[in-house]
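Just below is one structure, and these are the notes that go with it.
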Amino acid sequence: MAASYVALLALSVCLLLLLLVAWKHWRWGRAARHVIVVVLGDVGRSPRMQYHALSLAKSGFSVTLLGFCNSKPHDELLQSDRIQIVSLTDLQRLAVGPHILQYGVKVVFQAVHLLWKLMCTEPAAYIFLQNPPGLPAIAVCWFAGCLCGSKLVIDWHNYGYSIMGLVHGPSHPLVLLAKWYEKLCGRLSHLNLCVTNAMQDDLADNWGIKAVTVYDRPASFFKETPLDLQHQLFMKLSHTYPVFRARSESSDPGTERSAFTERDALSGAVTRLCGRPALLVSSTSWTEDEDFSILLAALEKFEQLIDSGESLPSLVCVITGKGPLKNYYSRLICQKGFQHIQVCTPWLEAEDYPLLLGSADLGVCLHLSSSSLDLPMKVVDMFGCCLPVCAVNFQCLHELVKHGENGLVFEDSEELAAQLQTLFSKFPDPAGKLHQFRESLRESEQLRWDESWERTVLPLISDT
């Protein structure tokens, strides 16, 4: 009896797939200007894939964006009449059973669910897929593409197996299986994009995959924030986060004041406060490839320098983002007992994040690539806002950060502390190194995402 049920189920699945294939082939051919963008993750936290979708829409394609809708994407994406966002179900791991069983169940569910969503979506000329995560998405998107006549484009942000290796170790069977899968299925794509020349070389030499480097570039909304918008942002955030509130009240009760700015009651003019703290920002996904103990140790040293009489400002350190290690580092921060430094760990709306970067004095990046082949997009965004950066060093960082030109590179907390001392000495000195870096970024005339995409990606898909 059990065997009969299994056979009946298998027959039903086969019939369903045959019907779906016939249906897709009946409709295929009318969607040459349609592209599916797949993110097996949170769309709101996948800026590069949002940018792909927007660039495709601006180039005349209709776009279906498949992904988890856990956080709000950019307004421009939501307002586009050429982009439809289709939510995927984010299945959490089972609470019982061995970890490998929990992971296996999740992968099987994601594979079936993603395939169903792809088959229910209007046929597309291309399927753009973010990798990682590529398990099981690469195989599923390739299979759906075979059924529907779609060409698979993989955008390699990193290697999924290398991220898994941070948690389980590089020799774990699950990591080795993921590497084999990624290497095998990665060759099934019609076109490959990647984020650095170092990754391009590695894909060619070790994976047999030919890829085109498409550097992350800042979107047009990453720019310096005008002073009046800075004040509005600080006042808005002060309702939720005390670090943005004024340290003292103005003698004029009509004056509106934040920790950094004030608006005159009569003229409405906004000015920076004399003796204001410096605003240091960082962003993170709170994962194993970013060691924030480096920053905390550097801040401890910075506080010691203030206590010893150095001419340094107090600091407001804002670390944005969500992720699994946030609670761990929040506890460490609370234990520090800083007197001259305030640390805040908010999750910002998509529209507020560029405004914050454009209002800050210094950015810090602690991204250590799990593969040593990708670049931190947060630094790209900071540079777009003409924000100088201190970044921890790794293999291909030189493709983005030029030490001594647009920022500084450090190896450990001692070096970072020394850089903070140099950059914030006699703050806000217009003749200081911090101001020189900002001027250098202003003069660099950085290439923006739209222009870069039109030069590199659009010609590759223009045959449609």
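The values are calculated or read from the model by the stated rules, or taken from the named source; none is laboratory data. Note that this is a predicted model, so its numbers are computed, not measured. Cβ placement follows ideal geometry from the backbone for every residue including glycine, while neighbour counts extend to all protein chains displayed. Heads up: the accessible areas ignore ligands, DNA and RNA and are worked out on the full protein's heavy atoms, side chains in. Shrake-Rupley method; radii C 1.70, N 1.55, O 1.52, S 1.80 Å.
In segment 108-143, what count of residues is obtained for those that are among the small types (Gly, Ala, Ser) and touching a strand residue (DSSP E or B) at 6+ places or on another chain (Cβ under 7 Å)?
Residues in segment 108-143 being among the small types (Gly, Ala, Ser) and touching a strand residue (DSSP E or B) at 6+ places or on another chain (Cβ under 7 Å): 3 in total.
In segment 66-82, which residues are touching a Lys or Arg at 6+ places or on another chain (Cβ under 7 Å) and at pLDDT below 90?
Ser71
In this structure, is Glu300 at pLDDT 95 or above, closer than 25 Å to Tyr329 by Cβ and surrounded by fewer than 20 Cβ atoms within 10 Å (Cβ to Cβ)?
So Glu300 passes the test.
Could you tell me how many of the residues in segment 405-425 are touching a Phe, Trp or Tyr at 6+ places or on another chain (Cβ under 9 Å) and not aliphatic (A, V, I, L, M)?
6
For segment 34-64, which positions are assigned to a strand (DSSP E or B), of a type in the set (S, T, N, Q) and crowded, with 20+ Cβ neighbours inside 10 Å?
Selection gives Thr64 alone.
So in segment 185-207, with the set limited to residues that are touching a helix residue (DSSP H, G or I) at 6+ places or on another chain (Cβ under 9 Å) and open to solvent by 60 Å² or more (accessible area, probe 1.4 Å), which one is farthest from Cys141 (Cα to Cα)?
The selected residue is Asn197.
Which of the strands (runs of 3 or more DSSP E) found entirely inside segment 73-188 contain at least 2 residues meeting this: touching a residue at least 24 places away in the same chain (Cβ under 8 Å) and among the β-branched types (Val, Ile, Thr)?
Per the criteria, 83-87, 151-156.
Is it the case, given these coordinates, that Thr240 is assigned to a loop (DSSP other than H, G, I, E, B), at pLDDT below 90 and within 29 Å of the chain's Cα centre (by Cα)?
no
Just the residues that are open to solvent by 80 Å² or more (accessible area, probe 1.4 Å) and either of a type in the set (Val, Ile, Thr) or at positive phi (or both), please, taken from segment 231-249.
Thr240
Residue-wise test of (1) open to solvent by 10 Å² or more (accessible area, probe 1.4 Å); (2) over 30 Å from Ala125 (Cβ atoms); (3) within 25 Å of the chain's Cα centre (by Cα); (4) small (Gly, Ala, Ser).
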residue	(1), (2), (3), (4)
Met377	yes, no, yes, no
Pro388	no, yes, yes, no
Glu414	yes, yes, no, no
Trp453	no, no, yes, no
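Taking segment 201-232, which residues are over 30 Å from Val243 (Cα atoms), assigned to a loop (DSSP other than H, G, I, E, B) and of a type in the set (A, V, I, L, M, F, W, C)?
Scanning segment 201-232 gives Ile209, Ala211, Val214.
One line per residue, one yes/no per condition, for (1) touching a Lys or Arg at 6+ places or on another chain (Cβ under 9 Å); (2) under 21 Å from Cys317 (Cα atoms):
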position	(1), (2)
Tyr241	no, yes
Phe244	yes, yes
Glu249	yes, no
Gly254	no, no
Ala259	yes, yes
Ser267	no, no
Arg272	no, yes
Ser282	yes, yes
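Do you know which of the residues in segment 321-349 that are of a type in the set (Lys, Arg) and at pLDDT 90 or above is nearest to Glu300 (Cα to Cα)?
Arg331
In segment 339-357, which residues are under 28 Å from Leu305 (Cβ atoms), open to solvent by less than 40 Å² (accessible area, probe 1.4 Å) and of a type outside the set (S, T, N, Q)?
Those that are under 28 Å from Leu305 (Cβ atoms), open to solvent by less than 40 Å² (accessible area, probe 1.4 Å) and of a type outside the set (S, T, N, Q): Ile341, Val343, Cys344, Pro346, Leu356, Leu357.
Assuming Ser162 fulfils every condition listed in (1) crowded, with 22+ Cβ neighbours inside 10 Å; (2) under 18 Å from Gly41 (Cα atoms); (3) not β-branched (Val, Ile, Thr) apart from one, which condition is it?
With respect to (1) crowded, with 22+ Cβ neighbours inside 10 Å; (2) under 18 Å from Gly41 (Cα atoms); (3) not β-branched (Val, Ile, Thr), Ser162 is out only on (1).
Could you tell me whether any residue of segment 371-380 is in contact with a Lys or Arg (Cβ under 9 Å, 6 or more places away or on another chain), part of a loop (DSSP other than H, G, I, E, B) and closer than 22 Å to Gly323 by Cβ?
no
Tell me which residues, restricted to segment 398-444, are touching a Ser or Thr at 6+ places or on another chain (Cβ under 7 Å) and either at pLDDT 90 or above or farther than 14 Å from Val364 by Cα (or both).
Glu399, Glu405, Ser425, Lys426, Gly432, Lys433
For segment 417-451, what are the residues that are open to solvent by 40 Å² or more (accessible area, probe 1.4 Å), more than 25 Å from Pro47 (Cβ to Cβ), touching a residue at least 24 places away in the same chain (Cβ under 8 Å) and among the polar types (S, T, N, Q)?
Those that are open to solvent by 40 Å² or more (accessible area, probe 1.4 Å), more than 25 Å from Pro47 (Cβ to Cβ), touching a residue at least 24 places away in the same chain (Cβ under 8 Å) and among the polar types (S, T, N, Q): Gln421, Ser425.
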